[in-house]
1. So if we plug the beta-carbon distance of Leu409 and Lys429 into 1/(1 + (r/R0)^6) with R0 = 35 Å, what FRET efficiency do we get, rounded to 0.05?
2. What is the gain in length, in nm to one decimal, between Asn327 and Ser396 on full extension, counting 0.36 nm per residue of separation less the C-alpha to C-alpha distance?
3. DSSP loop GluC sites (Glu not before Pro) in the range 345-429 with at most 14 other Cβ atoms within 10 Å of their Cβ, which ones?
4. Using a probe radius of 1.4 Å on heavy atoms only, what accessible surface per residue do you get for the range 1-93? Whole Å² is fine.
5. Tell me, how many Å apart are the Cα centres for the range 362-421 and for the range 236-250?
6. Using only alpha carbons, build the gyration tensor for the chain and give me the equivalent ellipsoid semi-axes, biggest first, whole Å.
7. Tell me which of Phe38, Gly165, Val417 sits at the most positive position along the dipole axis of the chain, charges placed on C-beta atoms (Lys, Arg +1; Asp, Glu -1).
8. With all pairs of different alpha carbon atoms counted, what Kirkwood hydrodynamic radius in Å does the range 120-169 show?
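The values are calculated or read from the model by the stated rules, or taken from the named source; none is laboratory data. Everything numeric here is computed off the predicted structure, so don't read it as measured data. All Cβ positions, even for glycine, are placed from backbone atoms using ideal geometry, and neighbour counts span all protein chains on display. Surface accessibility is based on the protein's heavy atoms, side chains included, excluding ligands, DNA and RNA. Shrake-Rupley method; radii C 1.70, N 1.55, O 1.52, S 1.80 Å.
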Amino acid sequence: MLFLVTVINYADRATLSITGPVISKELGISAAEMGFIFSAFGWAYVLGQLPGGWLLDRYGSKIVYGLSIFTWSVFTLMQGTIGFLAGGAAVMLLFALRFAVGFAEAPSFPGNSRVVAAWFPGNERATASAIFNSAQYFATVIFAPLMGWLTHSFGWHWVFGVMGGLGIVTAGVWMKTVYAPKDHPRINQAELDYIAAGGGLVNMDDGRKKAASAERNGAGSGAKWDYVRQLFASRMMVGIFLGQFCINAITYFFITWFPVYLVQARGMSILNAGFIASIPAICGFVGGILGGVMSDAMLRRGYSLTAARKTPIVLGMVMSMAMIACNYTDLQWVVVSLMALAFFGKGIGALGWAVMSDCAPKEITGLSGGVFNMCGNISSITTPIVIGYIIQTTGSFNGALVFVGANALIAAVSYLVIVGEIKRMELKK
């Protein structure tokens, strides 16, 4: 379910990247304005991380995540109604709706991390995290061609209608199928004991009522803010946060400007771009699963947690820098191959959520995930805007590819130099 929901999550994020060239032409939106519209999701997504993490810890993953899916799907559906506007009015309304989608999606990845921390022992956690995280690539594989075909055959409005409706149905499926470990109707005590013995936080939600009572009595909120301060005082956590910021910069290039790059810089049609964009995504999906499997295999063979998590991350980020070489070729098949290699590497290195499941303080797994995702997704704001201005200023995507490749390098250095030993952080009460 985490995989399926995250597929819908990323497909809804990517709706505008597929429809963007048509929308910008039809409604008279410039490249810089489109960059700001792309960033609207990121502004709200970042602002919603701390409230989203708090809600998950306060009310549990099932209810908060289910409402999140339903709400973001409704706002996705509404984006298909803006065709009667143009110019500044279209920019403002589209920005507002993308902002609403971003805020509604805020609990999603902290919720994913929270569910994985509760359901999986440590030596299975990277594989589990890789499976849900690889959904971002699978979303492109499945839905980029579909959305390109819908745009080409029926018009861009249909993309938002189909994806919004699919998300609303998914919210209902989530509420019928997802449980905390101790509440699942088919679990037995042996499985609970196995998960707990391996470090799974099966009792994660036991203290919710006590915490809620403390908050109603005016206690607890100060402690929560002190916990956030402690996260930023930890060198390990700061290195992880910086690494995720840079890794997400690669992600947001692929789900915002990459299809536009194929159309504007490489002369492909929108229909072809939708299909071609799925090739690097397939490689990213394979790399994403492989990175998690590799990390857990290293753990089972006796490598330290630090080595098992850092090795795929650093290796993957070095591979992601291959996209810079696209600036030195005019052959489309070479460009697609280099982008596929870069996305494959990004998939291997995208283990940030597994690392968070390993090291987040057990008292604030949701809030820690929210802080981590907030820091990581600041790049969802900066990346589309920076790339938009690079393109508008230089008239070329060359500088944009160097910018994204530099983020991959910084992510590798952050894990090598700053993070240090990876272990579960202990809070000072």
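1. Working: r = 39 Å, r/R0 = 1.11.
The pair Leu409/Lys429 has a calculated efficiency of 0.35.
2. Taking 0.36 nm per residue and subtracting the Cα distance, the gain is 23.9 nm.
3. Numbers: sites: Glu363, Glu421, Glu426; in loops: Glu421, Glu426.
Filter output for the range 345-429: Glu421, Glu426.
4. Using a 1.4 Å probe on heavy atoms only, each residue of the range 1-93 averages 34 Å².
5. The range 362-421 and the range 236-250 have Cα centres separated by 7 Å.
6. Its equivalent ellipsoid spans semi-axes of 34, 25, 20 Å.
7. Of the listed residues, the answer is Val417.
8. After inverting the pairwise mean of 1/r, the radius is 12.7 Å.
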